[in-house]
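Beneath this line is the structure, given in structure tokens, with notes to follow.
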Amino acid sequence: MKPLKFLTKRRIEAGVFLIIFFLLFGGLAYKMGMANMLNTLMQTSYHLLLETVFYIMAITVLTGALSKLLVEFGVVRLLEVILQPLMKPLYNLPGVAALGGIMTFLSDNPAIISLSKDKNFSQYFKKYQLISLTNFGTAFGMGLVVIAFMTGRGYATGALIGLAGAVIGSLISTRLMQRFILKTYPEMKMEEAMGGDNQQISFKSEGTIFMRALNAVLDGGKSGVEIGLSIIPGVLIISTLVMMLTFGSADGVYTGSAYEGVPLIPWLAGKIDFVFEWLFGFTNSELIAFPITALGAVGAALGLVPHFQEAGLLDNNAIAVFTAIGMCWSGFLSTHTAMMDSMGFRQLTAKAILAHTIGGLFAGITAHWLFVAISAF
């Protein structure tokens, strides 16, 4: 009986998938023409690979090398010491949690997994605090890459305001997650951390200064290449599809060129554009494509920025919101499940996603109103 139920469920899933698939691509083919749709699909992916992915990879290699140098020569340790006193009052986390935020900011979300599994690190956390570390670390994922990318596009002011917004988003996400955990498992509040008061994580270094610097640059650059490669599927698949549902064509004539499509997302967003204008300051409904894409992969969302800039849709307010949401969400839908599963609390994944969704929204809202406040002076 169970196999029959399983087969029935699978058939329903197959049927729903086929309906959605043919409605989506059938609609695009009907509007654009089958040949034009396929050409646009391939041309957009190709242009994104050459014009955006390799540019982002160059940034990840450079920032990866810089990140490793900062670790090697104690700058990360210094930042950890400076930020430690803020962890308890702001995040209700032990001081060493600052290291988790710094490492994900310098690299990507998975850095928090390796830290959470390090007994020298996790011993300072109560169990509910350690679980909420997923939300805390994810809020800063690829932060250095995002800020460097936005600054390289000429929007340094917006990027820095966005960083402040991401911090607010991380506060909301982490605190909210802790509340969810304690509501589900109230007994965790009484548990004590195993570590003592001397909260310090050490980084060992060996060799001469020159060799340490050389090895740090090469190892960091290599990790940057890995990050750059990991964003390729997200950019080419997600960004291509989002672009084809965001941008139209000149005079409604389709030629199969890159970046053409059917502007379905702006049409839908336009129905409630007053909401996005008040919350984020978006004056163009096309901009909502960035937050939507960031849910799956922030690298893919960054792939939208050059085209927005060429279309004259960007200003420092939009960049501030993009940076805040991009950092805070940074593809958390694709990483939260794996991270919670690795920590042994898969059942709390939905709560972690809900808390982080709310945190990311408030990150973008905060960034917008911070920009408005700063612009007033």
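Residues that are within 24 Å of the chain's Cα centre (by Cα), outside any helix (DSSP H, G or I) and more than 19 Å from SER114 (Cβ to Cβ) are absent from region 67-77. Listed by position, the helices (runs of 4 or more DSSP H) contained in region 209-313 that have at least 2 residues being modelled with pLDDT under 85 and farther than 28 Å from ALA367 by Cβ are 209-230.
Within region 30-48, which residues are over 31 Å from the mean Cα position of the chain (by Cα) and either buried (at least 19 other Cβ atoms within 10 Å of the Cβ) or assigned to a helix (DSSP H, G or I) (or both)?
To start, the set of residues in region 30-48 that are over 31 Å from the mean Cα position of the chain (by Cα) comprises 30-36.
Matches in region 30-48: TYR30, LYS31, MET32, MET34, ALA35, ASN36.
Going residue by residue through region 286-308, is there one that turns out to be exposed (fewer than 15 other Cβ atoms within 10 Å of the Cβ) and either over 15 Å from the mean Cα position of the chain (by Cα) or touching a residue at least 12 places away in the same chain (Cβ under 8 Å) (or both)? No, that holds for no residue. When restricted to residues that are in contact (Cβ under 8 Å) with a residue 40 or more places away in the chain and assigned to a helix (DSSP H, G or I), region 180-192 contains 6.
Answer yes or no as to whether LYS117 is at pLDDT below 90 and surrounded by fewer than 21 Cβ atoms within 10 Å (Cβ to Cβ). In short, yes.
Out of LEU133, LEU93, report the one residue that is in a loop (DSSP other than H, G, I, E, B) and of a type in the set (A, V, I, L, M, F, W, C). Before the answer, list the steps.
On the way: LEU133 fails: in a loop (DSSP other than H, G, I, E, B).
The match here is LEU93.
The single condition from (1) under 21 Å from ALA156 (Cα atoms); (2) touching a Ser or Thr at 6+ places or on another chain (Cβ under 9 Å) that PHE282 fails is (2).
Exactly one residue among ALA250, ALA318 is of a type in the set (Gly, Ala, Ser) and buried (at least 19 other Cβ atoms within 10 Å of the Cβ), and that residue is ALA318.
The requirement of being surrounded by fewer than 24 Cβ atoms within 10 Å (Cβ to Cβ) and out of contact with any helix residue (DSSP H, G or I) (no Cβ under 9 Å at 6 or more places or on another chain) is satisfied by ALA373.
The values are calculated or read from the model by the stated rules, or taken from the named source; none is laboratory data. Remember, predicted model here, so these are calculated numbers, not experimental data. Note that each Cβ is placed from the backbone with ideal geometry, even for glycine, and that neighbours are counted across all protein chains shown.
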